[in-house]
1. Among (1) surrounded by fewer than 23 Cβ atoms within 10 Å (Cβ to Cβ); (2) touching a residue at least 40 places away in the same chain (Cβ under 8 Å); (3) assigned to a loop (DSSP other than H, G, I, E, B), there is one condition A34 misses while meeting the rest; what is its number?
2. Among the residues of the range 74-89, what is the count of those that are within 18 Å of R103 (Cα to Cα), in contact with a Gly (Cβ under 8 Å, 6 or more places away or on another chain) and not hydrophobic (A, V, I, L, M, F, W, C)?
3. Among the listed residues A159, A190, A134, identify the single one that is more than 16 Å from the chain's Cα centre (by Cα), crowded, with 18+ Cβ neighbours inside 10 Å and either at pLDDT below 95 or not acidic (D, E) (or both).
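The values are calculated or read from the model by the stated rules, or taken from the named source; none is laboratory data. Predicted, not measured: the structure shown is a model, and the values here were computed from it. Cβ: placed from backbone, ideal geometry, glycine included. Neighbour counts: every protein chain shown.
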Amino acid sequence: MGPASDRDPPSASRSRAIQVPFNARHLDADLVPARGPAGIVLFAHGSGSGRRSPRNREVARQFQRLGLGTLLLDLLEAEEARVDESTASYRFDIPLLTGRLIRATEWLRARPEGVGRRLGYFGASTGGAVALRAAVAHPEEVAAVVLRGARSDLADEVAREVRAPTLILVGGEDPEIRILNEATYGLLRAPKRLVVVPGAGHLFEEPGALEAVAREAGAWFLRHLTPALTGAPIAGSAAIPSAARRPGGR
């Protein structure tokens, strides 16, 4: 996927830098409202990442083209992020990060952009565990979850409690994460689907891999976050056709 261009949706120009308050402090975020009846996707970034992750920003642009709203959120404050870069002291603090995603969910639900909207979580790497745990904490608020290359094992003890329909996307060339994801998939009791993206590694940098992620995730969120489409059956594990190939360089 290329960088933002004049092909970006109108909603991209409506992106607003905002601050999510918590405990007299704040988290930085970028919000694009939904169009039509579609819901809003909150992004839970992986270890060592944040709202400026180029992969998640590109996926967010694809969601916006479908009419979905997006909230790209830094789960760490600026100073925490600086400390984490050198010490990695926060990136695996799953309870801390989960609490902040929950706070952002409550904050968004109370805002005009979130009132009456179905909400979903897109979690990457360790953010996948954060998304699953937050979905358990807010079963009535979270209507769908998508995991990309996720450390889902860090939430396995609560996986059976997840009520939101959950899509797991894993690279075919990411065997360790695939094993973890398959174990989590077996624990889930909510509607679920496991998709293996052929040729893709952990970061989905291969040609066509991120497009496959955005396509599958976008369809999942539209299905479950759009009132007229909810209730349609979707389940099962699969390997999907993709233009993804083995990497030939970054």
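1. (1)
2. Going residue by residue through the range 74-89, those that are within 18 Å of R103 (Cα to Cα) are 74-78, 80.
Next, only the ones that are in contact with a Gly (Cβ under 8 Å, 6 or more places away or on another chain) stay: 74-76.
Now drop any that are not not hydrophobic (A, V, I, L, M, F, W, C), which leaves 74.
Going through the range 74-89 one residue at a time, the tally reaches 1.
3. Values: A190 fails: crowded, with 18+ Cβ neighbours inside 10 Å; A134 fails: more than 16 Å from the chain's Cα centre (by Cα).
Exactly one of A159, A190, A134 is more than 16 Å from the chain's Cα centre (by Cα), crowded, with 18+ Cβ neighbours inside 10 Å and either at pLDDT below 95 or not acidic (D, E) (or both), namely A159.
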